[in-house]
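The values are calculated or read from the model by the stated rules, or taken from the named source; none is laboratory data. Only a predicted model underlies this, so the values are computations on that prediction, with no experimental measurement involved. Reconstructed Cβ throughout: ideal geometry from the backbone, glycine too, with neighbour counts over all protein chains shown. Accessible surface areas use protein heavy atoms only, side chains included; no ligands, DNA or RNA. Shrake-Rupley method; radii C 1.70, N 1.55, O 1.52, S 1.80 Å.
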Amino acid sequence: MSTYDRACYVLERNNRGGMSGRKRQAGRMQAEQSRQPKEPGYPLERGPAAWWAMMLCALAVGVIAGFGAVVFRAMIGGFHNLLFLGRWSFDYEANIHTPPSPGGAWVILVPVLGAIGVAFLVKTFAPEAKGHGVPEVMDAIYCKDGLIRPIVAVIKSLASALSIGSGGSVGREGPIIQVGAAFGSMVGQVVAMPARQRALLIAAGTGGGIAATFNTPIGGIVFAVELMLPFATPVSLLWVGLSCVTATYIGRVFFGDLPSFNVPSLSVIVPSLPLLEDSALALPVLPWFALLGLILGVLAWLLTRGIYWFEDLFDAMPGNYYTRHISGMLLVGLVMYGFMALSELYFGQPNHYYVQGVGYATIMDILRGELTASGFLLLLVGAKLLVTCLTLGSGASGGVFSPSMFLGAALGGCFGSTLLHVLPDLPMAPAHFAYAGMAGMVGGTTGAVLTGTIMIFEMTRDYTVILPVILTVVLACAVRNWLSPSTIYTLKLLRRGEIVPQGLQARMGERKSRHLMTADFLLLPQEQASKPDTVRQALLREHVVVVTGPDDRILGVFDERSRLESPDGQLPPPACCYVLVDPEAPLNAVLRAIDQAGARLALVTRSAPAEPQEVLGVITEREIARFAYATARLTD
């Protein structure tokens, strides 16, 4: 029986087909449940801020996000040049390979030095700065009324700059998102406004940070809409748009107007490619991009799960945060130096630190068509996946965009090179598949299909193969969703028991019945339930009374309304209409089942209707109203 069918299974009134259950002592049962709304209720909210105040706040958030991106990239350059090259300089071009370190093999210890600094900063000042940052921002929006400690932005920036600068395989988006989000939260606390407006400023800060650091204003807006905004309206998009435009302008003043990956148009690499606009010529090409999308979905799942597998592995190791992070980054240093020492000797490729840091130099090699060896690219995929899991799993600080783009470019390039060996007349180049691979991995891991498609387009400004790219992204995201419904962002929160939306979904769509149920029920045998005083006392304690028969069948239910409907003190038979639902039933399905049955509550049971039932919890109108109110606080 499907989840929906089980949710719609209605237990008839009183003696019509009661379900068997395990006999239990009368008492309050422990039920699996998520974090409940605050008791006894939320305080009265402040009135909304005026439109002109929100406009000024959005502009201020954009300014801080823009300058934050500038300062953050300068810090990365300072740490990188000092640790790798032994000189103090903020001038660092990530799209160019770092020259060999004058320290030779001692460069292996550079990530270890970074790990010591990161562990000190995170452990001493802000444990929230550990990891890739975006889940913490989502958690603040949906579970903490948009409250973020300002110190988190400072420590996250320092720790992430040190992680990236010392060779850790993490990206820039997580830290700059937290910088913009923290300032948006701070402004939203200084200026009197409700939680929903504060959430808008946080989303504006995240979008502005993305826009400034990658020079992707449209991508910044779409990122905020898909992953951060509790609701999207013309007004909410106005504040996000103002922030993104302001931050992008500031970024371009310092970084220039060129795209992040300034490579020749793909149509220049293969002059026949414009003919692909003819659908008759495009059709033979699309299936190969579809196949690439399926493969990328598996890789996105491996990255999503792998980071947390390694996190559990390091947490289980003896020692403390320092020793675990140091051990992980020592392995990263070994892999990084291995490519510098052995690439030319064993693979005929130039010696570089291919997998260190953001890895943009390697991506540029692939997009320019300078790195096409299938075997070496496949090795880079495995190595980058390993060092990313080691870096984040052991406790580094940084984002996942850059590792995702690296993996997508390397796997796409490998796929394209192999395919062209088999079909040399195909009017494509490995760079086309690398381009699609980058978008597919970003969309697949984050669950943000539009963000992955639009951001990679803005970072390359190449529209040549947009149709194959869209096909690749949606298939990669679908496969990852099939293997792991949680994204790389929401899985971290799910492991902590927090449920947040995943990309343009209403918050209710994420909830299961087990997240909403409570343990406010009492199992009473029929003999005890026949005593009105016993039932009335339970109802006064706001318990739902579930009446069971001699054979453990559920005979009926008393709820609070049963007491109100008996002013003379004589309780009616337990005839409250209810439905049985599975703990994994989606909340929307539960509500539909309650409505279709005309029921007043739902009993959450563990097994199928034809099997013995174990009551885990109840969902009453009160729980539904509480959840609806918690959601309403974030929406207009």
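Candidates Ser343, Ser374: the one that is more than 27 Å from Thr460 (Cα to Cα), surrounded by fewer than 24 Cβ atoms within 10 Å (Cβ to Cβ) and touching a helix residue (DSSP H, G or I) at 6+ places or on another chain (Cβ under 9 Å) is Ser343.
For the stretch 75-97, the tally of residues that are in a loop (DSSP other than H, G, I, E, B) and open to solvent by less than 20 Å² (accessible area, probe 1.4 Å) stands at 1. Pick from the stretch 311-328 the residues that are under 13 Å from Gly131 (Cβ atoms) and in contact with a Ser or Thr (Cβ under 7 Å, 6 or more places away or on another chain): which of them is surrounded by the fewest Cβ atoms within 10 Å (Cβ to Cβ)? Only one residue fits best here, namely Phe314.
The sole residue among Gly131, Gly168 that is surrounded by 24 or more Cβ atoms within 10 Å (Cβ to Cβ), at pLDDT below 90 and more than 16 Å from Thr213 (Cα to Cα) is Gly131. Report whether or not Phe72 is open to solvent by 10 Å² or more (accessible area, probe 1.4 Å) and either within 29 Å of the chain's Cα centre (by Cα) or touching a residue at least 24 places away in the same chain (Cβ under 8 Å) (or both). In short, no.
Only one entry in Val253, Val240 is crowded, with 23+ Cβ neighbours inside 10 Å, in contact with a helix residue (DSSP H, G or I) (Cβ under 9 Å, 6 or more places away or on another chain), modelled with pLDDT of 90 or more and on the phi < 0 side of the Ramachandran plot, namely Val240.
Within the stretch 319-338, the set of residues being out of contact with any Lys or Arg (no Cβ under 9 Å at 6 or more places or on another chain) and either over 20 Å from Ser166 (Cα atoms) or outside any helix (DSSP H, G or I) (or both) comprises Gly319 only.
Residues in the stretch 172-219 that are of a type in the set (S, T, N, Q), more than 21 Å from the chain's Cα centre (by Cα) and not in a loop (DSSP other than H, G, I, E, B): Gln189, Gln197.
Scanning the stretch 398-428 for residues that are under 21 Å from the mean Cα position of the chain (by Cα), among the aromatic types (Phe, Trp, Tyr) and farther than 10 Å from Ile366 by Cβ gives a single hit, Phe401.
Looking at Leu158, Leu229, can you tell me which residue is touching a residue at least 60 places away in the same chain (Cβ under 8 Å), open to solvent by 10 Å² or more (accessible area, probe 1.4 Å) and aliphatic (A, V, I, L, M)? Answer to the check: Leu158. Note on the stretch 509-533: residues that are at pLDDT below 70 and buried (at least 17 other Cβ atoms within 10 Å of the Cβ) total 2. None of Pro111, Pro100 is surrounded by 12 or more Cβ atoms within 10 Å (Cβ to Cβ) and closer than 18 Å to Pro350 by Cα except Pro100.
Annotation note: Cβ proximity below 6 Å between a residue of the stretch 330-343 that is at negative phi and a residue that is open to solvent by 20 Å² or more (accessible area, probe 1.4 Å) and not hydrophobic (A, V, I, L, M, F, W, C) (sequence gap 6+ or interchain) occurs for Met340/Asn351; Ser343/Gln349; Ser343/Asn351. Collect the residues in the stretch 171-196 that are buried (at least 24 other Cβ atoms within 10 Å of the Cβ), over 21 Å from Val118 (Cα atoms) and of a type in the set (S, T, N, Q), keeping them in residue-number order. Result: Ser185, single match.
Figure legend. Inter-residue proximity from the stretch 173-192: first residues within 17 Å of Phe67 (Cβ to Cβ), second residues acidic (Asp, Glu) and open to solvent by 10 Å² or more (accessible area, probe 1.4 Å), beta-carbon distance below 8 Å, spacing 6+ or different chains. Indicated pairs: Gln178/Glu136.
If I filter the stretch 117-169 down to residues being out of contact with any Asp or Glu (no Cβ under 9 Å at 6 or more places or on another chain), assigned to a helix (DSSP H, G or I) and hydroxyl-bearing (Ser, Thr, Tyr), which single residue comes out as farthest from Val387 (Cα to Cα)? Within the stretch 117-169, the match that is farthest from Val387 (Cα to Cα) is Thr124. Here Leu275 does not fit the description of being assigned to a helix (DSSP H, G or I), open to solvent by 10 Å² or more (accessible area, probe 1.4 Å), modelled with pLDDT of 95 or more and not acidic (Asp, Glu).
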